[in-house]
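J.: Just dropping this structure here.
Where a number appears in this text, it was derived from the coordinates with a stated rule and is not lab data. As the structure is a computational prediction, the values presented were derived from the model and not from experiment. Cβ: placed from backbone, ideal geometry, glycine included. Neighbour counts: every protein chain shown.
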Amino acid sequence: MEQITSTQNPKVKKLSKLMSSSSYRRESGEFVLEGLRLCLDALNSEYELCEVYATPDMLSRYAGEIAPLIQKANQSYEISKDVCQKISDTKNAQGIFCLCKILDKQNDSYKIDTSGKYILLEQISDPTNFGAVCRTAEAMGISGVIVCGGCDIYSPKVMRCAMGSLLRIPVIFANDVQDFLNHCKNVGIKTYASTPCDDAQNILDVDMCGGVVFVVGNEAQGVTQSTMDACNSRVTIKMQGKAESLNAAAAASIIIWEMMK
């Protein structure tokens, strides 16, 4: 196994840039996973595992767990503590990283199961919210998560918050959300937009049978008006007390539960 000890090594510089730059991830078509748990999740995912980087301590303590990663990867490297800290996105570097290929999902937006249940996240910008929705989606067994703007799902923070769910559940990108929703309606999928407005339909009265796409909007502005207009109807979660609205992740969790119960 080749050793890398210099923080000026071109591979180290590349990994560090992939960790910090969304535009560079898109340009290179690659992303980095940090931590043993996420790296092991990549083993059984559809992502191509290109390179593994690990410190001597990790290679010694978790030899059995890391061996399949090294076997599957195209290349593997032993890195020094300084290199590890240079690459890491966290204060306490975990000592292992995997370089993976970004999946080409440009044409996936219309590969949707017409009887499936989906949550569409429109411009969700908080990685914690985004990750929480994905974990709930996986736990409840919905058909997939549809992403329209917002968080870069390949950012280290989003991957950590999702705790591996983004490597396991189907993710669809909808660049033109209105066009996507119109397609869904044309193939018989019901489309709903979540809103805190009192005059919207109560979620408890919504028909969730068959194919459903449910939109949850940005934390500050909610679902955009154009997206709202493109849906079959507006739906609200009736609340008691003085709260004006629910956190995006909390609202999505309730919606997912209602879709799947």
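J.: Within region 191-205, whose backbone N sits under 16 Å from a point 7 Å along Cα→Cβ of N247?
T.: none
J.: Return the long-range amide H neighbours of I79 (sequence gap of 5 or more, or a different chain), with a cut-off of under 5 Å between placed amide H atoms.
T.: I4, A54, T55
J.: For region 31-58, list residues with backbone N below 20 Å from a point placed 7 Å from the Cα of Q85 toward its Cβ?
T.: 34-36, 53-58
J.: Most exposed first by the Cβ proxy, i.e. fewest other Cβ within 10 Å, how do C39, C100 rank? Display every interim value, and only then the final one.
T.: Working: C39 28, C100 23.
Ranked by crowding around the Cβ, least crowded first: C100, C39.
J.: What is the sum of charges, Lys and Arg at +1 and Asp and Glu at -1, for the other residues whose Cβ falls under 11 Å from the Cβ of P56? Before the final figure, lay out each step's value.
T.: Numbers: positive: R61, K81; negative: D57, E78.
Residues near P56 contribute 0 overall.
J.: For region 126-220, compute Rh as the Kirkwood radius over C-alpha pairs and then the Stokes-Einstein diffusion coefficient at 37 °C and 0.692 mPa s; write the answer in µm²/s, rounded to an integer. Provide the component values of the computation, followed by the final result.
T.: Values: Rh = 14.5 Å.
For the chosen part, D equals 226 µm²/s.
J.: Work out, step by step, the length gained on full extension between T5 and K72: first 0.36 nm times the residue separation, then minus their alpha carbon distance; give nm to one decimal.
T.: On the way: separation 67, 0.36 × 67 = 24.12 nm, distance 2.34 nm.
Full extension from T5 to K72 adds 21.8 nm.
J.: Helix 63-72 sits at what angle to the longest principal axis of the chain, using alpha carbons and giving 0 to 90 degrees rounded to 10?
T.: The angle comes out near 80 degrees.
J.: My understanding is that a pair violates if its Cα-Cα distance is over 18 Å; which of K81/K157; K111/K185; K17/K101; K185/K261; K17/K86; K72/K111 do that in this structure? Walk me through the numbers on the way to the answer.
T.: Details: K81/K157 21 Å; K111/K185 14 Å; K17/K101 15 Å; K185/K261 23 Å; K17/K86 10 Å; K72/K111 29 Å.
K81/K157; K185/K261; K72/K111, as the Cα separations exceed 18 Å there.
J.: Taking R0 as 22 Å, what's the FRET efficiency between Y24 and E48 from their Cβ-Cβ distance, rounded to 0.05? Please list the in-between numbers first.
T.: Working: r = 18 Å, r/R0 = 0.83.
According to the calculation, E is roughly 0.75.
J.: Right, here's the next one. Give, in nm to one decimal, the length gained when the segment between K261 and T128 is fully stretched (0.36 nm per residue of separation minus the Cα-Cα distance). Show your work: numbers first, answer last.
T.: Details: separation 133, 0.36 × 133 = 47.88 nm, distance 2.47 nm.
The span from K261 to T128 would gain 45.4 nm if fully extended.
J.: Give me the Å³ per residue figure for the convex hull around the C-alpha atoms of region 1-126.
T.: Convex hull of Cα atoms, per residue: 139 Å³.
J.: Still on this structure: Taking all pairs of different Cα atoms in region 66-186, averaging 1/r and flipping that mean, what Kirkwood radius in angstroms comes out?
T.: Computed over region 66-186, the radius equals 16.3 Å.
J.: Another one. Against the longest alpha carbon principal axis of the chain, how many degrees, from 0 to 90 and to the nearest 10, is the axis of helix 127-140 turned?
T.: Tilt of helix 127-140: around 70 degrees.
J.: Using R₀ = 25 Å, calculate the FRET efficiency as 1/(1 + (r/R₀)^6) where r is the Cβ-Cβ separation of A139 and K111; round to 0.05.
T.: Working: r = 23 Å, r/R0 = 0.93.
After rounding to 0.05, the efficiency reads 0.60.
J.: Here's another thing I want to ask about it. In what sequence do K190, K185 fall when counting other Cβ within 10 Å, fewest first? Don't jump to the answer; show the numbers that get you there.
T.: Working: K190 18, K185 14.
Sorted ascending by nearby Cβ count, the order is K185, K190.
J.: Something else: Over 10 Å intervals from 0, what percent of Cα-Cα pairs in the chain sits in each interval?
T.: 7, 29, 30, 18, 12, 4, 0
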